[in-house]
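Heads up: the structure comes next, in structure tokens.
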Amino acid sequence: RSSDLDFTYSTAQARMTTLNKCAAELMLQHGAHAATDITGFGLVGHCSNLVEAQHSEDNGGGMAIAINTIPMLAGAAKASVYLQDKYKLFDGLSAETSGGLLMAFGSIEIAKQFIDDFQNKSG
């Protein structure tokens with residue numbers, strides 16, 4: 001178990017040293033109107049903050065998360081189970097040290113185009 005956790009830790013550390021440069025450039029090209037990095041509040045906390053900000057601007061909207069479809073590092077789920085989900089990974093509440101970017105776009109079509117462009121550009 002220890003070697004699995006060490007591998008997951010090393011992989012996470014390597015990923016955290018990579019900036020979100022590609023995503024940030026494409027975010028601007030696709031006209032994202034809000035963005036944040038997923039860090040101390042976990043995915044659900046940051047989503048809630050964005051939704052709250054949108055409502056305060058009378059833009060309406062909302063958000064739904066299919067938590068089981070969110071990609072994560074190989075070994076992260078196993079580590080969470082090993083730690084008895086101490087950090088609430090499966091609830092989307094785990095605080096990340098260097099998480100990905102959460103972005104809001106004007107339509108689902110723009111968001112899908114962003115994803116396609118990101119996958120093509122980042123490999």
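No lab work stands behind these numbers, since they all come straight from the coordinates. From a predicted model like this one, the values you see are computed outputs, not experimental measurements. Every residue, glycine among them, receives a Cβ derived from its backbone with ideal geometry; neighbour counts consider all protein chains shown.
Structure values in brief
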| read-out | value |
| --- | --- |
| Aspartates and glutamates whose Cα lies under 17 Å from that of Lys21, excluding same-chain neighbours fewer than 8 positions away | Asp37, Asp116, Asp117 |
| Charge-dipole axis of the chain as Lys and Arg at +1 and Asp and Glu at -1 on Cβ define it, positive-most pick from Asn20, Ala104, Phe114 | Asn20 |
| The stretch 102-109 - phi-based ³J(HN,Hα) in whole Hz, Karplus 6.51/-1.76/1.60, Gly and Pro as x | 10, 10, 10, 10, x, 7, 5, 5 |
| Kirkwood-based shape ratio for the stretch 80-123, expressed as Rg/Rh from alpha carbons | 1.15 |
| Dipole magnitude of the chain about its Cα centre (Cβ charges: Lys, Arg +1; Asp, Glu -1), debye to nearest 20 | 440 debye |
| Amide H contacts under 5 Å for Ala34, placed H, 5+ residues apart | Ala104 |
| Phi-based couplings in Hz for the stretch 77-94 (Karplus 6.51, -1.76, 1.60; Gly and Pro marked x) | 5, 4, 5, 5, 5, 4, 8, 6, 6, 3, 9, 6, 4, 6, 9, x, 10, 5 |
| Proximal lysines to Lys86, defined as alpha-carbon separation beneath 30 angstrom and excluding residues fewer than eight positions away on the same chain | Lys78 |
| Structure-derived semi-axes √(5λ) of the Cα gyration tensor in Å: which label, when the choices are [x] 22, 19, 16; [y] 22, 16, 14; [z] 27, 19, 12 | [z] |
